[in-house]
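No value in this document is a laboratory result; all are computed from the given coordinates. In this text the structure is predicted, and so the values were computed from the model without any measurement. Using ideal geometry, Cβ is built from the backbone for each residue, glycine included, and neighbour counts are taken over all protein chains shown.
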Ligand SMILES: [Zn+2]
């Protein structure tokens with residue numbers, strides 16, 4: 001190389017030097033370009049991952065807005081359509097409805113409203129029972145005069161009655177490696193009304209149907225106001241509100257331990273015709289530490305347990 005180089009005249013040498021110099025600059029340029037575009041790519045990927053994670057967390061935290069109830073003819077009392085009073089969270093919850101609708105409509109096992117003509121009337125029971133034993137379903141509205149005290153537990157509004165036991169349960173579960181989080185707790189009548197009305201409008205936009213028919217269809221997807229157990233503050237939806245929650249270790253832990261803290265599984269498949277709600281493995285109901293083990297042991301849904309063991313027994317004792 002050096003001999004050949006010496007043989008060159010000065011003009012060619014300069015050309016060669018220039019060639020080597022430009023090659024060096026080009027190499028360096030490519031290196032810098034690669035480094036900078038690598039950093040930019042990493043930044044974009046990181047940013048995207050961040051937003052996807054935040055979005056998922058937000059979606060999970062909003063949880064299920066709906067109880068898939070069967071039809072009983074009760075009408076929402078709040079006819080207001082104004083959304084200005086809604087908190088940011090509630091607005092988001094309303095927005096999320098549209099995403100959830102398809103999933104819920106597609107899911108099987110919704111109790112056909114046509115087959116359910118009536119529910120046992122718990123009106124008298126609800127007016128005299130301990131608040132944690134109140135029965136609210138599609139046929140039994142939340143009592144009008146009720147004053148529900150709310151507390152915040154893990155960032156979610158829940159009934160004050162259960163907040164302490166719930167916190168304890170989540171803490172104890174964690175010690176055993178079970179991570180429980182609240183997806184949905186207390187839901188106000190106001191929010192439930194808006195969710196229901198929005199669903200009616202959706203049903204109407206799908207095809208030309210009567211108001212009555214639209215209401216009936218909406219009730220299969222969103223619980224009518226005053227008929228969701230979440231309106232009582234006594235119901236908690238855990239973790240992701242996923243249909244396969246029953247396959248998780250968290251569910252198994254709850255099934256074996258929740259009663260110690262006053263909670264029962266509320267909507268089993270075999271109880272559908274009695275509760276009016278399809279299988280919801282994530283939905284647990286607080287009935288208090290005294291009643292929960294007894295309800296669990298009975299193998300009955302809450303409606304039947306109260307009817308058979310508390311209402312009928314009292315009647316027999318009195319007669
Ligand atoms: Zn629920």
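When 20, 226 are ordered from fewest to most other Cβ atoms inside 10 Å of their Cβ, what list results?
Ordered by Cβ neighbours within 10 Å, fewest first: 20, 226.
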- Note on the structure: Going fewest to most other Cβ atoms within 10 Å around each Cβ, 121, 237, 165 line up as 121, 165, 237
- Using only the Cα atoms, what convex hull volume per residue in Å³ does region 164-203 have? 73
- Assign one of three labels to region 251-319, namely rounded, prolate or oblate, based on the Cα gyration tensor with a ≥ b ≥ c the square roots of its eigenvalues; rounded applies when a/c is under 1.5, prolate when it is not and a/b is larger than b/c, and oblate otherwise. oblate
- Note on the structure: Kirkwood calc, region 226-284, C-alpha pairs only, radius in angstrom 11.9
- Exposure-ranked with fewest Cβ neighbours within 10 Å first, 311, 236 stand as 311, 236
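In whole Å and largest first, what semi-axes does the C-alpha gyration tensor of region 2-45 yield when each eigenvalue is scaled by 5 and square-rooted?
38, 8, 4
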